[in-house]
Ligand code: URA
């Protein structure tokens, strides 16, 4: 039975509420546990069963957060950076929590789906080289895609002389636009794959991770929690 102190539970689930704020709310009699007012900050509750509410509004317990962010250009996928704004700075207060990090990276000038989580185990499963979670990108190019590139990508090409890539799927949408699906995440991979075909990526947007598609209602710079079925879709997909 996972027991937790009530003030810790409240501040842990509501990042904008400090431990002291939580104690104040408790003192004021605004907190109920299973429908009964509880004023003791050191009350121990079962995080899996107890129904905690503040002013009648239930706090849904989440052990981990899984956040879909639509990354704009010009921010880096890092927890902190001395010079450049990071993806973490885009999160609204209610989605901030210690321990969050971007699970996988997009280049500073790339846009689209970045997963932020504090679940190290899931991130490890997704990011380990053997997991091969597909990531789908929309790509716009400077020049027309040459014939033979689909087969080249499919064959598992070599870039920069000796780096062997896993087979990747290319779906041509128009002469200069395509989808690319990778099953790994090498540094600047798509840019380097196209560079090897004498082409240049001018726009790159990640549109899916595993079975989860970037929400088209999520504007650039905005974030939302993943639904339960989406969390499963990160590692279970066809
Ligand atoms: N490939 C790249 O070249 N850049 C990205 O940001 C992602 C994939």
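Since every read-out is calculated from the coordinates, none of them should be taken as a lab result. Remember, predicted model here, so these are calculated numbers, not experimental data. Ideal geometry is used to build each Cβ from the backbone, glycine not excepted, and the neighbour counts take in all protein chains shown.
Points worth noting:
- Potential lengthening of the chain between residue 169 and residue 60 amounts to 35.3 nm, from the contour at 0.36 nm per residue minus the alpha-carbon distance.
- Taking a ≥ b ≥ c as the square roots of the eigenvalues of the alpha-carbon gyration tensor, the range 129-216 is classed oblate because a/c is 1.5 or more while a/b is no larger than b/c.
- Cα centroid of the range 52-91 to Cα centroid of the range 171-205, whole Å: 28
- Anisotropy class of the range 184-233 from Cα gyration tensor, a/c 1.5 cut: prolate
- Förster-model FRET efficiency, 41 Å R0, residue 197 and residue 232, C-beta, rounded to 0.05: 0.70
- Taking one quarter of the surface of the C-alpha convex hull of the chain gives a mean projected area of 15.4 nm².
- Taking all pairs of distinct alpha-carbon atoms in the range 80-155, Kirkwood radius in angstrom: 15.5
- The range 1-70 - convex hull of the alpha-carbon atoms, volume per residue in Å³: 88
- Two-site FRET efficiency, residue 16 against residue 216, from Cβ-Cβ distance with R₀ of 25 Å, rounded to 0.05: 0.30
- Using R0 = 35 Å, the C-beta based FRET efficiency linking residue 150 and residue 82 works out to 0.25.
- The chain, helix-only ellipticity at 222 nm - DSSP H runs n ≥ 4, -39,500 (n - 2.57), divided by all residues, nearest 500: -5000 deg cm²/dmol
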